[in-house]
């Protein structure tokens, strides 16, 4: 029924969609192609006030793209930095929250690989340093590290990435977010933004200019707030501080950066296709307390993500005659919590009221039970606090949420005057990472460069869960500060060591390179309560090979081909439940990536096209054991085991084209055609089925204008139909989202400049299903409007 994406390109429906987009946006504006390293140097030299579009595509042997000024202008100040890369070929970003303000509902897809609640298969770095995974429980995506005003660009290496990329989850490539440098001149900037859904943002940055003849620095602060765009309850609040310095000596450049980010986010919920058809404006979370705990488990303000992240690094880079080297030690700390409200209290088997010596002192009281196991639950008590059971043969049922609950959840099945009970469940996340990257390259003769380096990191992560009694579920979800049950507390140590070497040879217009890389990863799980034995698991890679070729056919045209073996180590989330959930022969995941393409660039036209093939092996899958819990598994009753089962095969095409139509108008278009299928049948995954939630067709068109302080543009992105679940019975509809922006920057007496801007995302207020997990999908954010005034002193 479904033909290959290459043939799909030419069917009438796809061609009609493409033509309509091109016409409606007057054909479109691109990331200009950077023909040489000068583009990156120009970006670094003036990251704050770029006036011209600078594009993407370094002259390397693998596919890569980077954001330009137009893409940054399209992004509202309050938006997540992730949204800036959405127009690049091969990239699919879906954010369910206002301006991307909910990490829970954020998903990323590249070439059949995904980052979301259930998978972390794409590497992410900040100024070339690892982000510490992108998962919900203990991970941190780039939006936790960078404000949009402080981002110079984002560099995307789809599939094959730089051999030095410090990530052990980069099966589908790496996204590197680059912060801008302090300015040469001293100055201050202050911005205020307002938008719908009560969105507010304040931003301040002070640049020192040159101090001590060779040093520049800045410090910035931002505060962001917005209400949920669905319903009338729930909000997001974020505070962020960043500081950076650059010191330039004769042969050395010293760079240091610090960021602090504190976010409190109320979440959005996944829904089915049928629920979306029934009401596309509601994700089935509620706005009011009904006094019935089973219904109130869906109260949005109790679905919360709380995270505080600190990240800092120092970098020393040396460049001498034929030799380059740099070393970058870094430190990251995260503290956080995830909240839910189970509609019952738990009866616990065993446990102790004596706090184990190794556990953290979190919200405990004299009656707090540590450890033990689940026995049963109860939902109603009498006036004396005695647990009640529902009437025999009571047939009254609630119908919401999750298809409705049984008699034990319905107040009609209990005596008049019975009191409901409920829990407020906290999952605590604490993580500290310390690491270092080092890289050196030397020219051996005129045409040969040898490069080698390493990455070392120690990650120390704690995760614990406690249950608090809700004081009076009839009126609110306020809870006892002291937990009645500390269910578990675990510590995970992950030690990572990566070493690599690469040789690059230039023969006339031909560049050849080849390299080797190896990961040595060890994981240790410790039960902090001292109940379970310590568990260790190694996840080392084999020697991984990379190879590539680049041919400069003319001054304007280069042809490239690349191959790399990528590796994703076993994550500590796989060993959370101990050895019983880990297959005896479980190994890390691997992917073989092949790229071939060309890049073309002259004074007014830039284009690139890449064809790729990927074989993803040893895919780690959680295989259920026994029956599953209906609704949310609050207690972790579901049993599963992780095994390596087959993988994914992907092939496709990525392309972009940019043209400077006049001195002031630019058009850009990008195209992605992807075919990703499973290679083995296991559990609910079926061989030859399309990969769930992997886009098969993406197209972007942008028209932009810039002249004498005035800028503006319109951009449209079309997402084709996708299969949503493993068995390919959910077919998500295609959709097109249009963004618009306009801005004007001018000088005024007494100040350096004043900048006015207006950003409108999802201009037509399109309703659609974006990312999610197989079978459950987040509603794409509705129209968001933000106006900003920025004053420079």
Tell me whether segment 314-327 contains one or more residues that are closer than 30 Å to residue 387 by Cα and crowded, with 16+ Cβ neighbours inside 10 Å. no
If you go through segment 568-575 one residue at a time, do you hit one that is more than 23 Å from the chain's Cα centre (by Cα) and either part of a loop (DSSP other than H, G, I, E, B) or at pLDDT 85 or above (or both)? no
Answer yes or no: is there a residue in segment 580-596 that is touching a strand residue (DSSP E or B) at 6+ places or on another chain (Cβ under 9 Å), more than 30 Å from residue 642 (Cα to Cα) and free of Cβ contacts under 8 Å to residues at least 60 places away in the same chain. yes
Got a number for residues in segment 291-324 being under 16 Å from residue 438 (Cβ atoms) and either in contact with a helix residue (DSSP H, G or I) (Cβ under 6 Å, 6 or more places away or on another chain) or without any contact (Cβ under 8 Å) to a residue 40 or more places away in the chain (or both)? 0
So if I check each of 694, 704, 781, which one is touching a helix residue (DSSP H, G or I) at 6+ places or on another chain (Cβ under 7 Å), part of a loop (DSSP other than H, G, I, E, B) and buried (at least 16 other Cβ atoms within 10 Å of the Cβ)? 781
Filter segment 534-565 for residues that are part of a loop (DSSP other than H, G, I, E, B) and more than 30 Å from the chain's Cα centre (by Cα); the one that is nearest to residue 500 (Cα to Cα) is 553
Just one of (1) assigned to a loop (DSSP other than H, G, I, E, B); (2) surrounded by fewer than 24 Cβ atoms within 10 Å (Cβ to Cβ); (3) modelled with pLDDT of 90 or more trips up residue 78, so point out which. (2)
Considering segment 397-409 alone, what residues qualify as being more than 26 Å from residue 427 (Cα to Cα) and loosely packed, with under 14 Cβ neighbours inside 10 Å? 399
Given the conditions (1) in a strand (DSSP E or B); (2) crowded, with 23+ Cβ neighbours inside 10 Å; (3) within 21 Å of the chain's Cα centre (by Cα), and given that residue 713 satisfies all but one, which numbered condition is not satisfied? (3)
Condition check: surrounded by fewer than 16 Cβ atoms within 10 Å (Cβ to Cβ) and in contact with a helix residue (DSSP H, G or I) (Cβ under 7 Å, 6 or more places away or on another chain). Does residue 384 satisfy that? no
Residues in segment 640-655: is at least one free of Cβ contacts under 8 Å to residues at least 24 places away in the same chain and not in a strand (DSSP E or B)? no
Just to be sure, is residue 477 at pLDDT 95 or above, within 30 Å of residue 292 (Cα to Cα), part of a strand (DSSP E or B) and in contact with a strand residue (DSSP E or B) (Cβ under 6 Å, 6 or more places away or on another chain)? no
With the structure loaded, tell me whether residue 343 is surrounded by 16 or more Cβ atoms within 10 Å (Cβ to Cβ) and either part of a strand (DSSP E or B) or in contact with a helix residue (DSSP H, G or I) (Cβ under 9 Å, 6 or more places away or on another chain) (or both) or whether it fails that test. yes
On the given criteria, is residue 329 part of a loop (DSSP other than H, G, I, E, B) and either modelled with pLDDT of 95 or more or closer than 30 Å to residue 244 by Cα (or both)? no
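Here is a yes/no grid of residues against (1) part of a loop (DSSP other than H, G, I, E, B); (2) touching a residue at least 12 places away in the same chain (Cβ under 8 Å); (3) under 23 Å from residue 98 (Cβ atoms):
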| site | (1), (2), (3) |
| --- | --- |
| 136 | yes, yes, yes |
| 163 | yes, yes, no |
| 175 | no, yes, yes |
| 181 | yes, yes, no |
| 188 | no, yes, no |
| 191 | no, yes, yes |
Please give the number of the condition residue 56 fails out of (1) out of contact with any strand residue (DSSP E or B) (no Cβ under 6 Å at 6 or more places or on another chain); (2) within 22 Å of residue 558 (Cα to Cα); (3) modelled with pLDDT under 75. (1)
Going by what's in this entry, would residue 755 be described as on the phi > 0 side of the Ramachandran plot and either surrounded by fewer than 23 Cβ atoms within 10 Å (Cβ to Cβ) or out of contact with any strand residue (DSSP E or B) (no Cβ under 7 Å at 6 or more places or on another chain) (or both)? no
If we scan segment 149-158, do we find a residue that is surrounded by 21 or more Cβ atoms within 10 Å (Cβ to Cβ), modelled with pLDDT under 95, in contact with a strand residue (DSSP E or B) (Cβ under 9 Å, 6 or more places away or on another chain) and part of a loop (DSSP other than H, G, I, E, B)? no
Give me the pairs, please: first residue somewhere in segment 433-450 and closer than 15 Å to residue 513 by Cα, second residue anywhere and not in a strand (DSSP E or B), beta-carbon distance under 6 Å, and either six or more positions apart or on two chains. 443/322; 450/444
With 789, 700, 714, 760 as the choices, which residue is at pLDDT 95 or above and farther than 27 Å from residue 90 by Cβ? 789
How many residues does segment 507-533 hold that are part of a strand (DSSP E or B), surrounded by fewer than 18 Cβ atoms within 10 Å (Cβ to Cβ) and free of Cβ contacts under 8 Å to residues at least 60 places away in the same chain? 8
If only one of 423, 364, 373 is crowded, with 17+ Cβ neighbours inside 10 Å, over 30 Å from residue 500 (Cα atoms), at pLDDT below 95 and touching a strand residue (DSSP E or B) at 6+ places or on another chain (Cβ under 7 Å), which one is it? 364
Has segment 618-632 got at least one residue that is surrounded by fewer than 21 Cβ atoms within 10 Å (Cβ to Cβ), assigned to a loop (DSSP other than H, G, I, E, B) and at pLDDT 85 or above? yes
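The values are calculated or read from the model by the stated rules, or taken from the named source; none is laboratory data. Being a predicted model, the structure only gives us computed values, none of them experimental. Every residue, glycine among them, receives a Cβ derived from its backbone with ideal geometry; neighbour counts consider all protein chains shown.
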